[in-house]
Amino acid sequence: MKQILRPVDRDLAHVTERVLASLQHPVARQAVYLITAGGKRLRPALVLLAGRSGRYKARQQALIELATAVELIHTATLIHDDIIDGSALRRRQPTFHHRFGTERAVLMGDYLYSLAFSILAKLHEAYVTTFMADICQQMSCGEFLEVESRFDVDATEAQYLQVVRDKTASLIAACCHLGASVAGAKPDTVERLSQFGWNFGMAFQIMDDCLDLMGQEQTVGKTLRSDLDKGSLSLPVIYLAGALPIGRREALFAPLRRHQSPDRLALARIARAARRVGAITQALHTAGRFVRRATDVVAERDGVVLADTYQRLARYAIARVH
Ligand code: IPE
Ligand code: IPE
Ligand code: MG
Ligand code: MG
């Protein structure tokens, strides 16, 4: 990842400094450990990268501000998401609510959201602020829909894809769209980069859900198995349900039907079955289709600068281990 993002690494370091500088208030400082713990900085990187397809130098400071706001928004959603998912580990650290309690975590998420919007407002580009506000609503709706669909053993692929589009791909697409747009890239380039973001974001979350089911916590650095634990059926599990004969499916999903978290043994059985029937392979295949769509819309001749970086990023979405 670091290697792929080399073209923007200097400004990405500025973004991290800027994020840390924005967390000076005694309350906000409690969130500093999450920023210094790392994170891939994927979303700010996409802002900066998209800016390269426009007048980057002239708009450098605005792009750094935009990227800062995006990472703050992302951090806020992670803090809230970890409460929702009951997760204990994030970026190899205790989650915010595990460290400081749920009340503070709710408030810190709110604080970071509003901090991000005051940074955006200071750009004096109403379009950017409005666009991002719409995206934040879409993300909330995605998480909301996921919560509402819990323990729905008959969830469909289409419902799942809608959740992923709203909760994850929307922000990633916005990073590409606004980065290009703020830098004054041509409308066609803005549109292409936005399409890259939508498709890349879909692949990224599908892979995340495969890692949730199959990955190792030490490697991924965050709490895993939380999807099924909370009754969320991710794509590999939906494919598994479709592949099993009805009797076997009812037996395997019995706790979920009763709105109970599967215990460790039941979880392991589901993961094993998902691998055995090819549900993981099928989910990765679907993610691969999004990767191809992402790479197809991005080519140098279309006015996209650093096209090979996008190609490598897209492939990384489904090759990553954390
Ligand atoms: C985690 O995002 C939330 C998802 C959309 C899967 P990242 O995997 O980008 O998290 P960090 O920022 O690298 O920790
Ligand atoms: C939530 O998805 C993504 C957000 C928009 C916050 P996940 O619940 O799968 O993200 P992780 O696995 O906790 O990072
Ligand atoms: Mg989560
Ligand atoms: Mg996850």
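We did not get these values from a lab; they are worked out from the coordinates using the rules stated. Because the structure is predicted, anything quoted here is derived from the model rather than measured. Cβ: placed from backbone, ideal geometry, glycine included. Neighbour counts: every protein chain shown.
Dividing the convex hull volume of the Cα atoms of the range 6-319 by its residue count, what figure in Å³ per residue is obtained?
Working: hull volume 37.6 nm³, N = 314.
Value for the range 6-319: 120 Å³ per residue.
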Angle between the chain longest axis and helix 170-182 axis [Cα atoms, degrees, rounded to 10]: 10 degrees
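Expressed as a fraction of 2.2 N^0.38 Å, the rule-of-thumb size for a compact globular protein of N residues, what is the C-alpha radius of gyration of the range 245-322?
Details: Rg = 18.8 Å, N = 78, 2.2 N^0.38 = 11.5 Å.
Normalised by 2.2 N^0.38 Å, the Cα Rg of the range 245-322 equals 1.63.
Taking R0 as 51 Å, what's the FRET efficiency between Gln61 and Gln260 from their Cβ-Cβ distance, rounded to 0.05? Please report the intermediate quantities before stating the final value.
Details: r = 52 Å, r/R0 = 1.02.
With R0 = 51 Å, the Cβ-Cβ based efficiency is 0.45.
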Label-reachable residues, the range 262-306, where backbone N falls under 13 Å from a point 7 Å from Met214's Cα toward its Cβ: 271-288
The chain - mean residue ellipticity at 222 nm from DSSP helices (-39,500 (n - 2.57) per run, n ≥ 4, rounded to 500): -22000 deg cm²/dmol
Mean separation of Cα contacts under 8 Å (6+ apart) over length of the range 6-319, as relative contact order %: 19 percent
Loop-resident sites, the range 182-290, for trypsin sites (Lys or Arg not before Pro), counting at most 12 other Cβ within 10 Å (DSSP): Arg258
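So if each residue of separation counts as 0.36 nm, and I subtract the Cα-Cα distance between Ala21 and Glu157, what length gain in nm does that give? Write out the running numbers ahead of the final one.
On the way: separation 136, 0.36 × 136 = 48.96 nm, distance 4.20 nm.
Value of the extension gain: 44.8 nm.
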